[in-house]
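Q: Could you have a look at this structure, given as structure tokens, before my questions?
The values are calculated or read from the model by the stated rules, or taken from the named source; none is laboratory data. None of the values given here were measured: they were computed from a predicted structure. Positions of Cβ are generated from backbone atoms using ideal geometry, with glycine treated the same way; all protein chains shown enter the neighbour counts.
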Amino acid sequence: MRRVSPRTLETVYQKLFSAFGPRHWWPGETPFEVAVGAILTQNTSWSNASAAVQELKRRNLLDPQRMGKLPQRQLAKSIRPSGYFNQKARRLKVFVRYLMEHYGGRMHLMRKAPLRRLRRELLELWGIGPETADSILLYALGKPVFVVDAYTKRILARHGLVPWDSSYDQIQRLFQGALEGRGKTRKYNEYHALIVETGKEFCHPQPFCSSCPLKSVGRLKLERGARSRSKLHKK
């Protein structure tokens, strides 16, 4: 994969920040709520995941101990708005059991563990892939790891900054190699949130390039067949 200069990534960031301002992402009152939200937003929109989170709040279930004791079938009913609720209930139960067994159900103790170990542990859990694991690490635990999602690949590939077949790890290394120094955790947080906003507003499978804040960055890779080669799911 070609090397993208830190200056280019900084230009992208500044254009997006100027267009959207700070995103204050991820919404959540506690680290556990953020972690739960990261699991619930798999394969659905945030509005659906948020509705499920609100239902958990209403039922006073946003607590590792209470959620751990709740039968999986009842938990599934509580998160029905998120879609795939039976699978996600199982994933939540797996995560809660891990949190209880390794860190006594306390997210602040989890935060103290080394990043590399935490990421390995999360990726070993059933139903937790790189994007979900890194969302938990960055947004719930404040760890310096860049989250890559479908929007990230789509936007960068369309501007010729990465190939369409770039892997998750390749794109993550690109950002983490370029965005170093003090405050990188905050930068990773804000940058990813800005990318998500750009994807939601402009970079659809059928994009709105003329009004996109990135229309002057790089050359667009919108030739026929690009969408099918990218194999990116809609959000």
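Q: Somewhere in the stretch 87-99, is a residue outside the structural domain of K15 (by TED's automatic domain parsing), at pLDDT 95 or above and on the phi > 0 side of the Ramachandran plot?
A: Quick first cut of the stretch 87-99, residues outside the structural domain of K15 (by TED's automatic domain parsing) only: 87-99.
Add one more test, that the residue is at pLDDT 95 or above, and what stays is 87-99.
Retained after the next criterion (residues that are on the phi > 0 side of the Ramachandran plot): none.
The answer is no, given that none of the residues of the stretch 87-99 is outside the structural domain of K15 (by TED's automatic domain parsing), at pLDDT 95 or above and on the phi > 0 side of the Ramachandran plot.
Q: Please count how many residues of the stretch 205-218 are part of a loop (DSSP other than H, G, I, E, B) and closer than 17 Å to F20 by Cα.
A: Matching residues across the stretch 205-218 total 7.
Q: What tally of residues in the stretch 100-138 results from selecting those that are within 20 Å of Q74 (Cα to Cα) and surrounded by 14 or more Cβ atoms within 10 Å (Cβ to Cβ)? Working first, answer last.
A: Going residue by residue through the stretch 100-138, those that are within 20 Å of Q74 (Cα to Cα) are 100, 126-127.
Remaining after also requiring surrounded by 14 or more Cβ atoms within 10 Å (Cβ to Cβ): 100, 127.
Looking only at that region, the number is 2.
The rows are residues; the columns are (1) within 21 Å of L138 (Cβ to Cβ); (2) in contact (Cβ under 8 Å) with a residue 40 or more places away in the chain; (3) not hydrophobic (A, V, I, L, M, F, W, C).
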{"site": "I39", "(1), (2), (3)": "yes, yes, no"}
{"site": "S50", "(1), (2), (3)": "yes, no, yes"}
{"site": "L61", "(1), (2), (3)": "no, no, no"}
{"site": "K93", "(1), (2), (3)": "no, no, yes"}
{"site": "E101", "(1), (2), (3)": "no, no, yes"}
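Q: Sticking with this one: State whether the residues of the stretch 72-94 include one that is under 16 Å from G28 (Cβ atoms), of a type outside the set (D, E) and part of a loop (DSSP other than H, G, I, E, B).
A: Taking every residue of the stretch 72-94 in turn, at least one turns out to be under 16 Å from G28 (Cβ atoms), of a type outside the set (D, E) and part of a loop (DSSP other than H, G, I, E, B).
Q: Then there is this: M67 fails exactly one of the following numbered conditions: (1) without any contact (Cβ under 8 Å) to a residue 12 or more places away in the chain; (2) over 28 Å from I195 (Cβ atoms). What is the number of that condition?
A: The number of the failed condition is (1).
Q: If a residue has to be farther than 19 Å from P31 by Cα and either crowded, with 16+ Cβ neighbours inside 10 Å or not assigned by TED's automatic domain parsing to the domain that holds T132 (or both) to count, how many in the stretch 41-71 make the cut?
A: 3
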